[in-house]
Every structure is written in C-alpha cells, then in structure tokens.
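Accompanying notes for the structure given below.
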Amino acid sequence: MDGLDAVKKKYLDGILAAGDEAALEDLRLAAIGKKGEVALMMRELGRMDPEERKTAGPALNALKDEINSALAARKASLGDAALEERLATEWLDVTLAGRTRRQGSIHPVSQVTEEVTAIFADMGFTVAEGPQVETDWFNFDALNIPAEHPTRTEMDTFYMHRDADDDRPPHVLRTHTSPVQIRHMQAHGAPCRIIAPGRVYRADYDQTHTPMFHQVEGLALDKALSMANLKWVLEEFFAAFFEIDGIKTRFRASHFPFTEPSAEVDIQCSWVNGQLKIGEGDDWMEVLGSGMVHPKVLAAGGVDAEKYQGFAFGMGIDRIAMLKYGIPDLRAFFDSDLRWLRHYGFAALDAPNLHAGLSR
Ligand code: PHE
C-alpha cells in the first residue's frame, strides 16, 4: 500500500484543478468507478493476509471517502462559480423605459359600418349578408334588369372568366348589395327589416371611385309601408349618423329598375373655402338611391306583392365615411398606407353605440 499517498495526491490535485463537471466525472470514474484505480486496489484486499488487510482495508475506504467528498466540494464550488458568472452577466435594468408596441387601428370603413349597424339596429333592422361573387340572375335579372338593359353596362360589371365549354351560369362580382334583397326574401319572406353592408365591385377608378367599394342595402317589407316610412327612417338615420338634429334631406325623383317610384336622396351641405360642411348651407350632396320595391322584385324573391310592399335603399359606406370624417380621396382607403390608417383609424375600444355617441 505504499502507492496510496501518491494515488491520493494525484486524484485530489486533479479534482481541485478540474474546470468543469465533465472533468470531475472523468476523475470519479478513473478513481472510484467500477474499474477505477481505487476500486481495483480494493479488489486486491482478498489476496492479502489478514494482518495486512486490517490496515489496508480502512485506509482504502478512507481514501474513497476522501475522494468522494473532494468531488462533492469541487462540484459545489464549480456551481457557485457558474452562478456568480450568470449573476455578473445576466442583469436587467428595471429602470429603463418600457418598449412600446405599435397598435393597430380600426379602418374608417369598419367603424362606419358599425355605426350604421348600431343606428339601424336601434330601429329594428337586423344584418343580412350575401356572396360577393353572384350569379348574374341575382345581381341583375331578379332585380328587374334584363339582359339588354343599359344598367348592365353602366355598372361596369366584372364578369368571372369562363372557358368556352363551361356552361355554368355567368357569375359576376356583385355590382351592388341589392342581390341580398332577393336572397333574404327567398330565405325569410315578409315581413322583414334588414340592412346588408358589404363589398361591391365596379370597373371604375378616380378620386371618388375605386373598383371595390362598400354599400349598405336596406330592405323593409310589411303590409302598409310607404315612401313616408322610407323618408322617416332615412332622416332618423342621417340625424343620428351625422349627429345633427333635423338634418335636411332632399328626395329627387329618379329611376332604378328595381324600385317604383324611385328617389335619390341628397343631404344638406355647404362648401366654404373648399371645406365641406354637412347639415348647413344651400348645397346638396347625393348619398343614396332608394324607392318602393318593384313588384317584379318581390315576385323574384317569392314574396306576394298583393299582400306586402316596402322600401329599399342603397348607400355608399365609403362615401358617408368621407363626408363624416372629412376624408378627401377614396383611393387612399384601400392603399394600406400606415400613416393614413393611423391618422384616420379609430381606437379599438372606440366601439360605436348610440348612447355613448357615435364619433370620437
Ligand atoms: N343598387 C343601387 C345602386 O347601387 C342603389 C339602390 C338600392 C337603389 C335599393 C334603390 C334601392 O346604385
């Protein structure tokens, strides 16, 4: 057992110098692992005479214990050093200002759609929807616009592509929200009171026209509805929407194939130094088309024109948004320019309701 001190020194020095846990583990295996140096020495005990064994046994056990505790001590101090290192490098300046996150805003079209919905809901209207890709039957024929009718070309319709041998009915991007009238009548009949906001499409592009824009359709059917009801509903709407009591409207006789009689509706406005003001002055601004639903349209919707009658209207959502919020160019609505959206957009919590007021 002369070599014991040398063995002890070798391992204890090694353990003290070990730089990480992997090195410690290597040393542990080399010393007291199953085939380690100390373990092999312990196996020799069997071949010793009893007297020799009496001193060698405890000495080897003591060596093993010493190596074990040196391993544990070194492991602990390596851990402390690692923690010290982390504490020195990983730190957080809690006095720094927070990082702000960019917040999105609600598009004026969405905001105004919500406003319109809130006002009409208060008058008992529910919201109906229809597809943006329509058959030409729903978009035209059912609305009393036959194939040769000039309205079909006036509306600058987008037709969906068809292969020469494709005999499905022609589809169009709906040119107005009026086909929702037919769909709603077919599904729910009369009486009814609905609005149908949504996207519509016409091949047109200038300061006040974009190929995609938004309309809101209105349809009310009952036994005794008249133009007077239409006028009241629209005046209520404009007074609430523009927040001007007694705002003046002007009904001008007009023509739509799907209403008879028909009226275009203007609201009172003024232009002062190029600034548009709603609800004052002697000028008029056209905002919608309307009229009493044509009996042929009721028939296409499966509603008995002997029993029911009613009114319909169609209004440009983007247009009334421009008027209410003083936005000069329609094209900017759909440019997705963040500066524009931040300027004209609404806070997410600014949800329109009649009691809190409709505008900012
Ligand atoms: N659909 C018409 C348009 O797009 C508007 C309208 C709707 C007119 C309902 C009368 C009744 O111009």
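The values are calculated or read from the model by the stated rules, or taken from the named source; none is laboratory data. Computed from a predicted model, the values in this text were never measured in an experiment. Here the Cβ positions follow ideal geometry from the backbone for every residue, glycine too, while neighbour counts run over all protein chains shown.
Looking across VAL172, VAL112, VAL116, one residue alone is assigned by TED's automatic domain parsing to the domain that holds GLY314, modelled with pLDDT of 95 or more, among the aliphatic types (A, V, I, L, M) and within 16 Å of the ligand (Cβ to nearest atom). It is VAL116. Report every pair of residues separated by at least 6 positions or lying on different chains whose Cβ atoms are under 6 Å apart, first residue within the stretch 280-309 and not assigned by TED's automatic domain parsing to the domain that holds PRO261 and of a type in the set (Asp, Glu), second more than 15 Å from the ligand (Cβ to nearest atom) and modelled with pLDDT under 95. Within 6 Å, no pair qualifies. When we screen ARG162, ARG250, ARG193 for residues that are assigned to a loop (DSSP other than H, G, I, E, B), away from the ligand (no atom under 14 Å from the Cβ) and of a type in the set (D, E, K, R), the only hit is ARG162. Residues in the stretch 283-308 that are away from the ligand (no atom under 11 Å from the Cβ) and touching a Pro at 6+ places or on another chain (Cβ under 8 Å): ALA305, TYR308.
For the stretch 216-247, give me each residue that is assigned to a loop (DSSP other than H, G, I, E, B), closer than 23 Å to GLN111 by Cα and free of Cβ contacts under 8 Å to residues at least 60 places away in the same chain. Steps first, answer last, please.
Of the residues in the stretch 216-247, the ones assigned to a loop (DSSP other than H, G, I, E, B) are 223-226, 243-247.
Now narrow it down to the ones that are closer than 23 Å to GLN111 by Cα: 243-245, 247.
Those that are assigned to a loop (DSSP other than H, G, I, E, B), closer than 23 Å to GLN111 by Cα and free of Cβ contacts under 8 Å to residues at least 60 places away in the same chain: ILE244, ASP245, ILE247.
Would you check which residues across the stretch 138-155 are surrounded by 14 or more Cβ atoms within 10 Å (Cβ to Cβ) and either over 23 Å from HIS209 (Cβ atoms) or in contact (Cβ under 8 Å) with a residue 40 or more places away in the chain (or both) and list them? Can you show your working first?
Taking the stretch 138-155 and keeping what is surrounded by 14 or more Cβ atoms within 10 Å (Cβ to Cβ), we get 138-145, 149, 151-152, 155.
PHE138, ASN139, ASP141, ALA142, LEU143, ASN144, ILE145, HIS149, THR151, MET155, listed by residue number.
Within the stretch 281-328, being in a loop (DSSP other than H, G, I, E, B), in contact with a strand residue (DSSP E or B) (Cβ under 7 Å, 6 or more places away or on another chain) and surrounded by 15 or more Cβ atoms within 10 Å (Cβ to Cβ) holds for HIS294, VAL303, TYR308. Yes or no: ALA142 touching a Leu at 6+ places or on another chain (Cβ under 7 Å) and among the aliphatic types (A, V, I, L, M)? Here the answer is no, as ALA142 does not meet what is asked.
Of all residues assigned to the stretch 284-303, none qualifies as being hydrophobic (A, V, I, L, M, F, W, C), over 21 Å from CYS192 (Cα atoms) and touching a Phe, Trp or Tyr at 6+ places or on another chain (Cβ under 7 Å). Looking at the stretch 1-40, which of its residues are in contact (Cβ under 8 Å) with a residue 40 or more places away in the chain and among the hydrophobic types (A, V, I, L, M, F, W, C)? Scanning the stretch 1-40 gives MET1, LEU4, VAL7, LEU12, ILE15, LEU16, ALA18, LEU24, LEU27. Here is a check on your reading of the model: is LEU323 under 23 Å from the mean Cα position of the chain (by Cα) and farther than 30 Å from HIS188 by Cα? In short, no. Could you say whether any residue in the stretch 30-47 is closer than 17 Å to ASP5 by Cβ, at pLDDT below 90, assigned to a helix (DSSP H, G or I) and among the charged types (D, E, K, R)? Within the stretch 30-47, one or more residues are closer than 17 Å to ASP5 by Cβ, at pLDDT below 90, assigned to a helix (DSSP H, G or I) and among the charged types (D, E, K, R). Residues that are assigned to a loop (DSSP other than H, G, I, E, B) and either farther than 18 Å from VAL287 by Cβ or within 16 Å of the ligand (Cβ to nearest atom) (or both) within the stretch 196-210 comprise ARG202, ALA203, ASP204, TYR205, THR208, THR210, listed in sequence order. Looking only at the stretch 227-249, which residues are surrounded by fewer than 16 Cβ atoms within 10 Å (Cβ to Cβ), at pLDDT 95 or above and touching a Gly at 6+ places or on another chain (Cβ under 9 Å)? MET227, ASN229, listed by residue number.
Being of a type outside the set (Phe, Trp, Tyr), in contact (Cβ under 8 Å) with a residue 60 or more places away in the chain, buried (at least 22 other Cβ atoms within 10 Å of the Cβ) and within 15 Å of the ligand (Cβ to nearest atom) is a condition met by no residue of the stretch 265-279.
Applying the set (1) touching a Cys at 6+ places or on another chain (Cβ under 6 Å); (2) more than 14 Å from the ligand (Cβ to nearest atom); (3) not basic (Lys, Arg) to LEU221 leaves exactly one unmet item: (2).
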